[in-house]
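For reference, the structure is listed below as structure tokens.
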Amino acid sequence: MPDPFFKNNGEIDLLTGSISPNLFNQIVRRDLQLSDRSKSRVSIICINIDLRKFIPLHISEDLDKAIEQALIEAFFKLKQVFRDSDCICRISQLGFWVLVSGINYAVSSELLARVTALLPDYFVIDISHRTNGQSQLDWYGQIDELHFKK
């Protein structure tokens, strides 16, 4: 009999419980189509550990375990800030993307301030607002630049 602990349907990240990149991409694709039809705003918030700030704080620890623990804690804090309809995805080894719909610049500024206040200083937080008609691939290119900047 297979061990249920190791069973994964591919829809969640086993470390944090956030949704998988594959499921996230499907949801983004659907939301972009809805956004184009309704002319509503769609945004992705990037949340990423900055290793230059993280490592000095955790120098005496097992770095991989410290990163994993930081990501788990961050995910549970993010769930307190975002709506159930917002999608939180662990997109990379060091961070998350959060898909939010229907927020304007003022609301997004407030949201970023709340996330910044909740997470430790070693997290870098940015947002990318999609322009109507922008392809998913082009938009992801913009977001990648924010998320993976050196």
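The values are calculated or read from the model by the stated rules, or taken from the named source; none is laboratory data. These numbers were taken from a predicted model, which means no experiment stands behind them. Because the Cβ atoms are built from the backbone with ideal geometry, glycine has one as well, and the counts that use them run over all protein chains shown. With ligands, DNA and RNA removed, areas are computed over all heavy atoms of the protein, side chains included. Shrake-Rupley method; radii C 1.70, N 1.55, O 1.52, S 1.80 Å.
Structure notes:
- Phi to ³J(HN,Hα) by Karplus 6.51 cos²θ - 1.76 cosθ + 1.60 over region 47-55, Hz, x for Gly, Pro: 10, 9, 6, 8, 4, 5, 8, 6, 4
- For the chain, the number of Lys pairs separated by eight or more positions or lying on different chains, with C-alpha atoms closer than 20 Å, is 5.
- Theoretical FRET efficiency, 1/(1+(r/R0)^6), r = Cβ-Cβ of Lys39 and Gln69, R0 41 Å, to 0.05: 0.45
- The label point for Ile55 and the one for Asp84, both projected 7 Å from the Cα toward the Cβ, are 4.2 nm apart.
- Cut-off under 5 Å, modelled amide H: who pairs with Phe123 long-range: Asp50
- Phi-based couplings in Hz for region 96-108 (Karplus 6.51, -1.76, 1.60; Gly and Pro marked x): 10, 10, 10, 8, 10, 10, x, 10, 8, 5, 5, 5, 5
- Fraction of accessible area attributable to carbon and sulfur, the chain (%, probe 1.4 Å): 55
- Å² of accessible area per residue within the chain, as computed with a 1.4 Å probe and no ligands counted: 60
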